[in-house]
Amino acid sequence: MRMYDIIMKKRNGGELTKEEIRFFVEGYTKGEIPDYQVSALMMAVYFQKMTENETGELTMAMARSGDMLDLSAIHGIKVDKHSTGGVGDKTSLALGPMVAACGIPVAKMSGRGLGHTGGTIDKLESFQGFTTALTRERFIDNVNRIGIAIMGQTADLAPADKKLYALRDVTATVDNMSLIASSIMSKKLAAGADAIVLDVKTGSGAFMKEEHDAIALAEEMVRIGRNAGKKTVAVISDMDQPLGYAVGNALEVKEAIDTLNGKGPQDFVELCLTLGSQMLIAGGKTENEGEAREMLRAVIRDGRALNKLAEFVDAQGGDSRAVYHTELLPQADLILPIPAPVSGVVSHIACDEVGICSLILGGGRETKESAIDLSVGLVLCKKVGDYVEAGQPLAMIHANDPEKAGQAASRFLAACTLDEKEPERAPFIRAILS
Ligand code: URA
């Protein structure tokens, strides 16, 4: 079998066989097939798409590219959660500790930033010393001891996705339904949880801009999960503007901490309660959504969720003092307002552009090897539907380089539309597929 023939077959719109899919996944994982050939194949998949069968085979080949974790040593029903990626999406940082504080074991595998979206691992590294490179023994032990552990992909777990993910990030091949579904589900299957709750985003900041595409992606992932014998639920939520106000690694960690202190933005809190209640139901804590939401609110009110975050950070080598003293998180040197050019109601924010502003400031990777600046990003002052006076700040930029700050500010202004009247808005939670 030759990689060249596989690329040409897909380029010409053919359906790859199980053997062809396994050949390129195994060859790429072992380093026998170079990046440039896999980049070409990813671009061919991007344009020609994959069938349901191909997507299923790709998922299983990637899940089996390393070890499949056996989590049976963890007591209780283990629940994992994964987002399809968004801007300002700091959900796991608050939701993980909330759910763990309610007594459901959270055994989660997370990723780094991808395209214009941020990644949980990068954000968590805002805690000095924090590591997601856990051995499986430590991962299992942490979940048993404190109820939560988050690991990154190691050489053992879904290594094919780890390599493909980094390659897609820098070759403009992220936003393809089959590539997203197989990337997410291969990790989830390899990580061995019993139940999976998927946070599928739709809108200008999501990879699936249209709601019908997000629903199709959710259906595809739920089908893959079910076929693998996992309880799988998908929540489809709005990503037509950043989630919460903060965009950028350490800034988002701070907003997640504020949320666990009971001071979270309304949309973010709603998302945590919706996903969290699905996790508690999947974990067998209750069958009643209202009761699940109340349990989640209670662990915020009495501080258990915040303390759980500190325990979790500590258990993974991070400086947990920053949970209670957020000034210890990385801070940018410059904090500059972006004033509104005219008065009006914010009627639209091109959300992917806001993600790109954070990348311009240094918050994301330009190449696979780039280091990122954890301190930079933006904090919105106004969201869609809010009125702003000319000259008032639309957002604050956190930067370490004045030139990059200027570029990001212009791009942010171009991404915002100010109007005379309130825009019509779709509901924040669009659907739940279970
Ligand atoms: N999250 C992932 O893990 N993979 C993708 O392809 C997109 C979002």
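The values are calculated or read from the model by the stated rules, or taken from the named source; none is laboratory data. Since this is a predicted model, take the numbers as computed values, not measurements. Neighbour counts run over all protein chains shown; Cβ positions are idealised from the backbone, glycine included. Heavy atoms of the whole protein, side chains included, go into the accessibility calculation; ligands, DNA and RNA do not. Shrake-Rupley method; radii C 1.70, N 1.55, O 1.52, S 1.80 Å.
Among the residues that make up segment 107-114, is at least one of them in contact (Cβ under 8 Å) with a residue 12 or more places away in the chain, within 11 Å of the ligand (Cβ to nearest atom) and among the charged types (D, E, K, R)?
The answer is yes, given that some residue of segment 107-114 is in contact (Cβ under 8 Å) with a residue 12 or more places away in the chain, within 11 Å of the ligand (Cβ to nearest atom) and among the charged types (D, E, K, R).
Provide a single number: the residues in segment 277-316 that are within 28 Å of Val247 (Cβ to Cβ), more than 22 Å from the chain's Cα centre (by Cα) and part of a loop (DSSP other than H, G, I, E, B).
Result for segment 277-316: 1.
Across segment 190-212, which residue is modelled with the lowest pLDDT among those that are within 13 Å of the ligand (Cβ to nearest atom) and under 22 Å from Asp156 (Cβ atoms)?
It comes out as Ala191.
Tell me the helices (runs of 4 or more DSSP H) entirely within segment 317-434 that contain at least 3 residues that are in contact with a Lys or Arg (Cβ under 9 Å, 6 or more places away or on another chain) and under 30 Å from Phe127 (Cβ atoms).
Details: elements: 321-324, 351-358, 402-415.
Result: 351-358.
From the list Val346, Val247, Val299, Val313, which residue is of a type outside the set (Ser, Thr, Tyr), open to solvent by less than 80 Å² (accessible area, probe 1.4 Å) and in contact with an Asp or Glu (Cβ under 6 Å, 6 or more places away or on another chain)?
Val346
If I ask for residues that are away from the ligand (no atom under 15 Å from the Cβ) and open to solvent by less than 20 Å² (accessible area, probe 1.4 Å), which ones from segment 67-85 would you list?
Leu69, Leu71, Ile74, Lys78, Val79
Cβ-Cβ under 8 Å, sequence separation 6+ or interchain: first residue in segment 170-193 and touching a residue at least 12 places away in the same chain (Cβ under 8 Å), partner of a type in the set (Phe, Trp, Tyr) and near the ligand (Cβ under 9 Å from one of its atoms). Which pairs?
Close Cβ pairs satisfying both conditions: Val174/Phe207; Asp175/Phe207; Ile180/Phe207; Ser183/Tyr165.
Out of curiosity, is Ala256 surrounded by 20 or more Cβ atoms within 10 Å (Cβ to Cβ) and not in a loop (DSSP other than H, G, I, E, B)?
yes
Do we have any residue at all in segment 77-93 that's of a type outside the set (Phe, Trp, Tyr) and more than 22 Å from the chain's Cα centre (by Cα)?
yes
For the condition closer than 29 Å to Thr135 by Cβ, aliphatic (A, V, I, L, M) and out of contact with any strand residue (DSSP E or B) (no Cβ under 7 Å at 6 or more places or on another chain), what is the one hit in Met42, Met60, Met50?
Working: Met42 fails: closer than 29 Å to Thr135 by Cβ; Met50 fails: closer than 29 Å to Thr135 by Cβ.
Among Met42, Met60, Met50, only Met60 is closer than 29 Å to Thr135 by Cβ, aliphatic (A, V, I, L, M) and out of contact with any strand residue (DSSP E or B) (no Cβ under 7 Å at 6 or more places or on another chain).
Report the residue count in segment 144-169 for those that are in contact (Cβ under 8 Å) with a residue 12 or more places away in the chain and within 13 Å of the ligand (Cβ to nearest atom).
The qualifying residues number 13.
So Met221 passes all but one of these: (1) in contact with a Leu (Cβ under 8 Å, 6 or more places away or on another chain); (2) open to solvent by 10 Å² or more (accessible area, probe 1.4 Å); (3) of a type in the set (A, V, I, L, M, F, W, C); (4) free of Cβ contacts under 8 Å to residues at least 60 places away in the same chain. Which condition number does it fail?
The failed condition is (2).
Criterion first (within 11 Å of the ligand (Cβ to nearest atom), of a type outside the set (Asp, Glu), open to solvent by less than 20 Å² (accessible area, probe 1.4 Å) and touching a helix residue (DSSP H, G or I) at 6+ places or on another chain (Cβ under 9 Å)) does Thr132 satisfy it?
It is false that Thr132 is within 11 Å of the ligand (Cβ to nearest atom), of a type outside the set (Asp, Glu), open to solvent by less than 20 Å² (accessible area, probe 1.4 Å) and touching a helix residue (DSSP H, G or I) at 6+ places or on another chain (Cβ under 9 Å).
Yes/no per residue for (1) touching a Leu at 6+ places or on another chain (Cβ under 8 Å); (2) within 16 Å of the ligand (Cβ to nearest atom); (3) open to solvent by less than 20 Å² (accessible area, probe 1.4 Å):
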site	(1), (2), (3)
Asp5	no, no, no
Gln48	no, no, no
Thr55	no, yes, yes
Pro97	yes, no, yes
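Could we say that Ala149 is farther than 23 Å from Ala218 by Cβ, under 17 Å from the mean Cα position of the chain (by Cα) and open to solvent by 10 Å² or more (accessible area, probe 1.4 Å) here?
So Ala149 fails the test.
Among (1) in contact with a Lys or Arg (Cβ under 9 Å, 6 or more places away or on another chain); (2) within 20 Å of Ile180 (Cα to Cα); (3) open to solvent by 10 Å² or more (accessible area, probe 1.4 Å), which single condition is Pro159 missing?
Unmet condition: (1).
Report, by residue number, each residue of segment 177-189 that is within 11 Å of the ligand (Cβ to nearest atom) and buried (at least 22 other Cβ atoms within 10 Å of the Cβ).
Those that are within 11 Å of the ligand (Cβ to nearest atom) and buried (at least 22 other Cβ atoms within 10 Å of the Cβ): Leu179, Ile180, Ala181, Ser182, Ser183, Ile184, Met185, Ser186, Lys187, Lys188.
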